[in-house]
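A.B. asks: Quick one: this structure, given as structure tokens, is what I'll be asking you about.
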Amino acid sequence: MEFAFTEEQAMIGETVRTFFADNATSDRTRAAMAATGRDAGLDRALWSAFAGELGLAGVGLPEAHGGAGLGMVEFAQVAEAAGARVAALPLLGTAMLGRAIAAGGSAAQQEAWLPRLAAGEVIGTAAWGGELTLAAGKLSGMVPYLPHGAAANLLLVPAAGEAWLVDLAAPGVTVTGHVTMDQTRPLATARLDGVVAERLADGAAALAAAHAAGWIGLAAEALGGAQAALDRTVAYSRERVQFGRPIGSFQAYKHRLADMMVEIEQARSAVYWAACAVDEGSPEALLALHAAKAFCAETFHMCAGNMIQLHGGIGFTWEHDAHLFFKRARSILSLYGSPQWHRERIAALVIDQGAAA
Amino acid sequence: MEFAFTEEQAMIGETVRTFFADNATSDRTRAAMAATGRDAGLDRALWSAFAGELGLAGVGLPEAHGGAGLGMVEFAQVAEAAGARVAALPLLGTAMLGRAIAAGGSAAQQEAWLPRLAAGEVIGTAAWGGELTLAAGKLSGMVPYLPHGAAANLLLVPAAGEAWLVDLAAPGVTVTGHVTMDQTRPLATARLDGVVAERLADGAAALAAAHAAGWIGLAAEALGGAQAALDRTVAYSRERVQFGRPIGSFQAYKHRLADMMVEIEQARSAVYWAACAVDEGSPEALLALHAAKAFCAETFHMCAGNMIQLHGGIGFTWEHDAHLFFKRARSILSLYGSPQWHRERIAALVIDQGAAA
Amino acid sequence: MKLGFSAADEAFRAECAAWLHEQMAGPFADIRGIPNLCDAIPRRKEWEQQLAAHRWSCIGWPEEWGGRDATLAQQVIFAEEYARAGAPNRINHIGVELAGPTILAFGSAEQKARYLPGIAAGTAIWCQGYSEPGAGSDLANVKTRARLEGEPGAEEWVVNGQKVWTSLAHYSDMIFVVARSEEGSRGPKGLSFLLMDMDQPGIEVRPIGQMNGEAEFNETFLTDARCPADAMLGAQGEGWQVAMALLAFERGVSTLGQQMQFRNELDAVIAAARANGLAADPVVRQRIARAETGLRLMRYGALRMLSGTDLAAIDGAALTYKIQWATWRRNLGELAMDVLGQAGEIAPGEEYRWPLLPNMYLFSRSDTIYGGTNQIQRNLIAERGLGLPREPRGTP
Amino acid sequence: MKLGFSAADEAFRAECAAWLHEQMAGPFADIRGIPNLCDAIPRRKEWEQQLAAHRWSCIGWPEEWGGRDATLAQQVIFAEEYARAGAPNRINHIGVELAGPTILAFGSAEQKARYLPGIAAGTAIWCQGYSEPGAGSDLANVKTRARLEGEPGAEEWVVNGQKVWTSLAHYSDMIFVVARSEEGSRGPKGLSFLLMDMDQPGIEVRPIGQMNGEAEFNETFLTDARCPADAMLGAQGEGWQVAMALLAFERGVSTLGQQMQFRNELDAVIAAARANGLAADPVVRQRIARAETGLRLMRYGALRMLSGTDLAAIDGAALTYKIQWATWRRNLGELAMDVLGQAGEIAPGEEYRWPLLPNMYLFSRSDTIYGGTNQIQRNLIAERGLGLPREPRGTP
């Protein structure tokens, strides 16, 4: 029992923070936001560097299949660092697919997909809900709200009680990218008209692993984003002078920042508790995942809202980065289950199933 | 359309504020709190003066029956002033019974009861729920949570789709007073074993009028209590020095008090909107009542909690009056429907019945 | 105390409702329900002039200046019917509700005659030059300078500086500017309140992009901008008093129109919840009930405030109104997005432009900032409303 | 990073669980689950001594002084099993968790030998003399004076002043007192940290009635109270440093025991909701889920904080812990009362005494005040944790 990073983990954290600070600059992110078509909201050069030079697209995948052989804790560190820069990267869906295939794919499926996902050659995206019909072995229907769906190559989708991989370039697939509030992770809708898809060997295991990776990824991004919102606001508050004093010396301002820190410290515990619980196969893992996703999403939204508020007028301009954080926070609230939904799952665990005891 | 007190109303407000400030002192209230038996939580001398000298026990009752012939606006003014002093008075139940009988009693029932209620000779209490059975014209069962029930003479209770008056001295009635968190308005349970009760002529009208009076009374008490909590805390904050400054000069402290004022101003609008809407028979009246009860109760609880917090250590002592406000606020939250219950009623009105349009 | 309307009031309601519905169904149907303040400007100017032609442009003003001397009840009714008819937000809000009443209160007879008719006629659109890059929350820290130049008898104010957050400056005809007219003065002393023509070489306007993709606010650069010597409201060096009195009008009758817009927004949230089934969710129902309660209490708070005899009197209800509505709307924006879910995060078209509710979610983050942040409002409430001691000044 | 326990840890768990359950089922069954800190004092002193007799009294201390040099994992396990067995709150919490570690850190060999055995044995109960009527939030504004008197070689500290909020003073044997030992000094300078015997004529204790009807806190009057010259921890005039170091221990392992108490309280809320059907109410379920989340995050926050090597190091998790738990418990109190409804407002007996949940609702209002109000905590977090500038001092 040692709830602190190992030396190796501390090093990974340092590496990814430096990488994203150096590369995921506001200018590059804004260029990705302004792009249209498949590359809307995608900094492809950043993705290549991340997957190639850094070799971390498969951070949570087995070494045997080209991954880094690490776990959810290290994935959370990556997502936290990416979130701190609101990086325009398809990290989320790609991690979800990789973990799903690693957990529920056949040996052949793992062989086929994991190395390409780990290399960043295949970008993944995953559905949450959507209603597909299966007829004569082919899938049809609409799959909405796919993060980085227009850029993605491979889709994970539940249908008919199983989990499926859909090649988004396959005949019968039409993907429509949307102008999305958070332009750093645009959503897309996939229409499937009798598409031949690949059934994963163990659908339940695949979906559970995908959800775990998705929730941890979002919670960790939210943690990174919230901390960045706090740090940038603290820095601003020491420079900006009103009434003859730095605004950071006003008590009400300080207390607001203090409240952000109180929530962020809890969010940090939540992310690494959940990641660790998943890595260790703890019976608390599901509770931890729901708690982390709900808590961190709300913490980030609160902090990003405060970032705008405490910057005053410039906080709501397009030019300032505050709105990138705010919109990312909003999208994290909605993606893969709202906080209310996750809390209802927690209630079911502790009230109905007695997990509290 | 003039949402301001008339000159007469302003005068009534001044009169009752002075009366309660002079008479409902902390010492007298604490003496009432320490009393046991029927007079637990009742300042009987204050009640006599209020009903006799001031003549306001029947503020909302018709002049023809000994009342003051005024409306819910003036009753709210009385309750607000009493609430500001956490007065140990059975105002609530007595007003509920009076209004119920005035609205739903037969001429004979009005004749029989209203003059005695207006004179303060009869103290009323009213049930919220409770499950009574009616057999051979007699009522049996338990009626819990009766405010000032041990002191009361007359009970209003719903049973078998009608409203009933129960003489609490009648054979078959056993009343048990309880040690109650808010000692200024102790609760009691009445047990009825085959009690002959008086059926009110129009039960629905009687209950509606009782609820309206109860909700307005509680909302107005809460408004008075919240304002007093704010005023006393402001006064304390100007005297108490820490770090070489009056604590009221610290911005975080000021902002907390400002937030109290923001809520209280809304509570004030709520109380008089509801009172006025009832007096005018407005179609908004029910919405206004639910809004006033829910909003004012929560405002008072927030303000009383802040009163404790902002007084620091002495705020949670028995000796200081803050806990009287806090406990009264807690009891107002629960009495005659929780805020959540009232909000669900509002939701039903605006979502399901389209009252918003 | 009385909430109901008289028969005469109801007759007035019928009259204005009929006219408004006729306009919105017929000649101005194209701008019915238009959500923001930056679209269809030429048509909206025509709408302002149409209102004026039928004496509905500034009904609270004296008849002498194109108003109707309308009672509070009539103004309440007009605001309700205006919104119910789907008439568009007034682009000359600042002229009609702020500049006009301030000129009525502080202007000379000559100034009234010069400025009021244009506002009443809907031909002079106004904007407000208060905030500066270094004078946001600390509004008295104005650096824009004004000096009197020219031959005696033909003197002009020459103004240099930068204003910011100038709402709607890009299509305004006039601006009122708070400028430092006494060299070396500090804080609220030595300021003057000037009424300036926007159409002159000395004034340049640059729109500020906002997070919702629109640009309602602007930077306004004044470089030797000019106005006549007598285009000053109030005495020289006493501009702060005028500026503050103007802000008090912001808490006036115009709040009623704003509330009708809030009503539409809340109704849209309820409709969205009905449409996707969340109207049956008990947690959502609690939040809708809170929003409904808050909106009603704003209405009755405004009526309480306006039922007082002295509009400018700062009482509790008036002091608390800004933070109340700004906070309410911010919360409504969050509720709206929670109700819409991910569907609300997708724009309907190819552009980064948002429908009513997502736009409100984004824009409402500025409501708690402009016109005095929530923090500044709390300071005001605490110091003016509760009489708490001021904070120590100076550096730590 | 690792959350699981080793096999050795699990063996330790079995050992302490067995012993604790045996005690609570047998000889100490009468004080099992006793909720407050003021009842059954003699029996609880016996319990402290029983713990000591089996070396469970201060397991985190060095073996030399009666502890077990327990690892963090073992301390976590012991706290969990202690609560699970229903063992009563430790009445010598202040001795074991605060005084002891501070003496271990700052005491001379002689002082350790003098004070630690009594704590470890459960025979010396300690209380804390920090706050004064004029030194609450402004803790450094201590007015209690200490002067050295007597012949060289037999000098004594003579202490005069008043302490307040002295928790459990009425049955304590020892008190540590922060007193001003340099005449004319101000603020944190010139204070000394003295260890004093409670059983002397110079010390008088008066209980303070609390809003829940109990009296855990006291006023402590010191009138020529005495202690030996060498009963001072740290150097003369450097008592502030000792006092602050002690407060850091308050954020130490003792938090784990406190959390187990919170667990019991939350479980009681869930049980009450199950019993009256509110467990099915979606709004209540959301609130319970928030409470459950908050409690888990406190646990993992504490483990994160304790997994650091230097206990006294003030990092983010440690700085934020006080406001976090105090706020969580205040909210739980409100939830508890909402769940209980009016039944929760009726006392079970004839006295003004409250069962677990209503008592927690009332008592928790002091949690956000004592040991540094939530406001003071936010100042600390902002200034120490975030490095924000201090406020200007002095009168406005």
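A.B. asks: Using the Kirkwood radius built from alpha carbon pairs, what does the Stokes-Einstein equation give as D for region C:151-305 at 10 °C and 1.306 mPa s, in µm² per second?
C.D. replies: Working: Rh = 19.1 Å.
Translational D for this selection: 83 µm²/s.
A.B. asks: Compute the helix-to-body angle for A:322-334: its Cα long axis versus the longest principal axis of chain A, expressed 0 to 90° and rounded to tens.
C.D. replies: Value to nearest ten degrees: 40.
A.B. asks: May I ask you to derive the FRET efficiency for C:Ala235 and C:Ala121 from their Cβ-Cβ distance with R0 = 30 Å, giving the value to the nearest 0.05? Each step should come with its number before you reach the end.
C.D. replies: Values: r = 29 Å, r/R0 = 0.96.
The calculated FRET efficiency here is 0.55.
A.B. asks: To the nearest 20 Debye, how big is the dipole of chain B about its Cα centre, given +1 on the beta carbon of each Lys and Arg and -1 on that of each Asp and Glu? Please list the in-between numbers first.
C.D. replies: Details: 25 positive and 35 negative charges, 239 e Å.
The dipole of chain B has a size of about 1140 debye.
A.B. asks: How large is the helix-only mean residue ellipticity at 222 nm for chain C, computed as the sum of -39500 (n - 2.57) over DSSP H runs with n ≥ 4, divided by its residue count, in deg cm²/dmol to the nearest 500? Let's see the in-between values first.
C.D. replies: Numbers: 11 runs with 170 residues, N = 396.
It lands at -14000 deg cm²/dmol.
A.B. asks: Can you pull the percent of region C:233-278's accessible area that's carbon plus sulfur, 1.4 Å probe, other chains left in place?
C.D. replies: Values: 890 of 1630 Å².
Result for region C:233-278: 55 percent of the exposed heavy-atom area is carbon or sulfur.
A.B. asks: Would you kindly find the accessible area of C:Met298, with a 1.4 Å probe and non-protein molecules such as ligands, DNA and RNA excluded, rounding to the nearest 10 Å²?
C.D. replies: 0
A.B. asks: Here is a further query. As a test of reading the structure, rank C:Glu292, D:Glu63, C:Glu391 by solvent-accessible area (1.4 Å probe, protein chains only), most first. The partial results should precede the final answer.
C.D. replies: Numbers: C:Glu292 0, D:Glu63 110, C:Glu391 25 Å².
The most accessible residue leads, giving D:Glu63, C:Glu391, C:Glu292.
A.B. asks: Helix C:41-53 sits at what angle to the longest principal axis of chain C, using alpha carbons and giving 0 to 90 degrees rounded to 10?
C.D. replies: Helix C:41-53 and the main axis of chain C meet at about 90 degrees.
A.B. asks: OK, next. At what distance in angstrom do the alpha carbon centres of region D:53-99 and region A:1-65 lie from each other?
C.D. replies: Going from one Cα centre to the other spans 45 Å.
A.B. asks: Also, I was wondering about something else. C:Ala18 to D:Asp267: FRET efficiency via 1/(1 + (r/R0)^6), r the Cβ-Cβ distance, R0 56 Å, to the nearest 0.05? Write out the running numbers ahead of the final one.
C.D. replies: Working: r = 65 Å, r/R0 = 1.15.
After rounding, the FRET efficiency stands at 0.30.
A.B. asks: Looking only at trypsin sites (Lys or Arg not before Pro) in DSSP loops with at most 14 other Cβ atoms within 10 Å, what is the longest site-free stretch of chain D? Please report the intermediate quantities before stating the final value.
C.D. replies: Values: sites that count: D:Arg32, D:Arg55, D:Lys143, D:Arg186, D:Lys189, D:Arg390, D:Arg393.
Maximal segment without exposed cleavage sites: D:190-389.
A.B. asks: Here's a follow-up. What ³J(HN,Hα) values, in whole Hz, does the Karplus curve 6.51 cos²θ - 1.76 cosθ + 1.60 give for region C:58-72 when θ = phi - 60°, with x put for Gly and Pro?
C.D. replies: 8, 5, x, 6, x, 4, 3, 10, x, x, 10, 6, 5, 6, 4
A.B. asks: Okay, next question. Let me spell out the model: positive unit charges on the Cβ of Lys and Arg, negative unit charges on the Cβ of Asp and Glu, origin at the Cα centre of region D:244-396. What dipole size does that give, in debye rounded to 20?
C.D. replies: Details: 18 positive and 15 negative charges, 91 e Å.
Computed charge dipole of region D:244-396: roughly 440 debye.
A.B. asks: Hey, for D:Pro348 with labels 7 Å out along Cα-Cβ, what do the inter-copy distances come to in nm, ordered shortest first?
C.D. replies: List, nearest first: 6.2 nm.
A.B. asks: Further question on the same structure: Rounded to two decimals, what is Rg over Rh for the protein assembly as shown when you use alpha-carbon atoms and the Kirkwood radius? Mind dumping the intermediate values first?
C.D. replies: Details: Rg = 34.5 Å, Rh = 35.4 Å.
Here Rg/Rh amounts to 0.97.
A.B. asks: Name the nearest-to-axis residue of chain B, judged by Cβ distance to the rotation axis taking chain B onto chain A, and quote that distance in whole Å.
C.D. replies: Minimum Cβ distance to the axis, with residue: B:Gln251, 2.
A.B. asks: Here's something else I'd like to know. In Å, the Kirkwood hydrodynamic radius of region B:85-171 over pairs of distinct alpha carbons? Each step should come with its number before you reach the end.
C.D. replies: Numbers: mean 1/r = 0.0748 Å⁻¹.
Evaluated over region B:85-171, this radius sits at 13.4 Å.
A.B. asks: Taking the C-alpha atoms of region A:213-356, how large are the radius of gyration and the largest Cα-Cα span, Dmax, in Å?
C.D. replies: 16.9, 58
A.B. asks: Express the accessible area of the protein assembly as shown per residue in Å², computed with a 1.4 Å probe while the remaining protein chains stay in the model. Don't jump to the answer; show the numbers that get you there.
C.D. replies: Numbers: 52060 Å² over 1506 residues.
With all protein chains present, the protein assembly as shown gives 35 Å² per residue.
A.B. asks: Continuing with the same structure: Would you mind giving the total buried accessible surface between chains D and A, with a 1.4 Å probe and ligands, DNA and RNA left out, rounded to the nearest 100 Å²? All intermediate terms of the calculation are to be shown ahead of the outcome.
C.D. replies: On the way: alone 18960 and 15470 Å², together 29890 Å².
Buried: approximately 4500 Å² between A and D.
A.B. asks: With a ≥ b ≥ c taken as the square roots of the eigenvalues of the C-alpha gyration tensor of region C:126-237, please select rounded if a/c is under 1.5 and otherwise prolate if a/b is larger than b/c or oblate if it is not? Don't skip to the answer; put the middle values down first.
C.D. replies: Numbers: a/c = 2.34, a/b = 1.43, b/c = 1.63.
It comes out oblate by the Cα gyration axes.
A.B. asks: Tell me the mean residue ellipticity at 222 nm calculated for chain A from its helices only (DSSP H runs of n ≥ 4, each -39500 (n - 2.57), averaged over every residue, nearest 500). Write down the numbers at each step before the final one.
C.D. replies: Values: 11 runs with 188 residues, N = 357.
Computed ellipticity for chain A at 222 nm equals -17500 deg cm²/dmol.
A.B. asks: Under 8 Å for C-alpha pairs, at least 6 residues apart: give me the relative contact order for chain D, rounded to a whole percent. Kindly include the intermediate steps, with their values, before the conclusion.
C.D. replies: Details: 627 pairs, mean separation 49.6, N = 396.
Across chain D, relative contact order equals 13 percent.
A.B. asks: Running Debye on chain D with equal point scatterers at the Cα sites and no solvent, what base-10 log of I(q)/I(0) appears at q = 0.10, 0.11 Å⁻¹?
C.D. replies: Values, matching the q order: -0.71, -0.86.
A.B. asks: Give me log10 I(q)/I(0) at q = 0.11, 0.12 Å⁻¹ for chain A, Debye formula, one equal scatterer per alpha-carbon, no solvent.
C.D. replies: Each listed q corresponds, in turn, to -0.71, -0.84.
A.B. asks: State whether region C:251-385 is rounded, prolate or oblate according to the following rule on the C-alpha gyration tensor (a ≥ b ≥ c being the square roots of its eigenvalues): a/c under 1.5 gives rounded; otherwise a/b larger than b/c gives prolate, and the remaining case gives oblate.
C.D. replies: Numbers: a/c = 2.31, a/b = 1.80, b/c = 1.29.
The shape class here is prolate.
A.B. asks: Still on this structure: What shape does region D:7-91 have by the C-alpha gyration tensor, where a ≥ b ≥ c are the square roots of the eigenvalues, rounded means a/c under 1.5, and otherwise prolate means a/b greater than b/c and oblate the rest? Don't jump to the answer; show the numbers that get you there.
C.D. replies: Values: a/c = 2.01, a/b = 1.46, b/c = 1.38.
Prolate, because a/c is 1.5 or more and a/b exceeds b/c.
A.B. asks: Too long at a 20 Å Cα-Cα cut-off: which of A:Lys254/B:Lys254; B:Lys293/B:Lys327; C:Lys112/C:Lys189; A:Lys254/D:Lys322? Please list the in-between numbers first.
C.D. replies: On the way: A:Lys254/B:Lys254 14 Å; B:Lys293/B:Lys327 17 Å; C:Lys112/C:Lys189 26 Å; A:Lys254/D:Lys322 17 Å.
Pairs exceeding the cut-off: C:Lys112/C:Lys189.
A.B. asks: With just the Cα atoms defining each centre, how far is region D:312-386 from region A:223-245? Give it in Å.
C.D. replies: 29
A.B. asks: Something else: What is the Cα centroid distance between region A:256-299 and region B:290-332, reported in whole angstrom?
C.D. replies: 33
A.B. asks: For region B:82-89, in order, what is each residue's ³J(HN,Hα) by Karplus, 6.51 cos²θ - 1.76 cosθ + 1.60 with θ = phi - 60°, in whole Hz (x at glycine and Pro)?
C.D. replies: 5, x, 5, 10, 6, 4, 8, 10
A.B. asks: Here is a further query. In debye, nearest 20: dipole of region D:151-228 around its Cα centre with unit charges on the Cβ of K, R (+) and D, E (-)?
C.D. replies: Working: 6 positive and 13 negative charges, 81 e Å.
So the dipole magnitude of region D:151-228 works out to roughly 400 debye.
A.B. asks: Helix C:239-250: angle to the longest alpha-carbon principal axis of chain C, degrees 0 to 90, nearest 10?
C.D. replies: That helix lies at roughly 10 degrees to the long axis.
A.B. asks: Along Cα-to-Cβ, 7 Å out, sits the label point; list in nm, shortest first, how far the one on C:Gly26 is from those in the other copies.
C.D. replies: When each copy's label point is compared with this one, the spacings are 9.9 nm.
The values are calculated or read from the model by the stated rules, or taken from the named source; none is laboratory data. Because the structure is a prediction, the values reported are computed rather than measured. We place every Cβ from the backbone using ideal geometry, glycine too, and count neighbours over all the protein chains shown. Areas reflect the complete protein model, heavy atoms only, side chains present, ligands, DNA and RNA absent. Shrake-Rupley method; radii C 1.70, N 1.55, O 1.52, S 1.80 Å.
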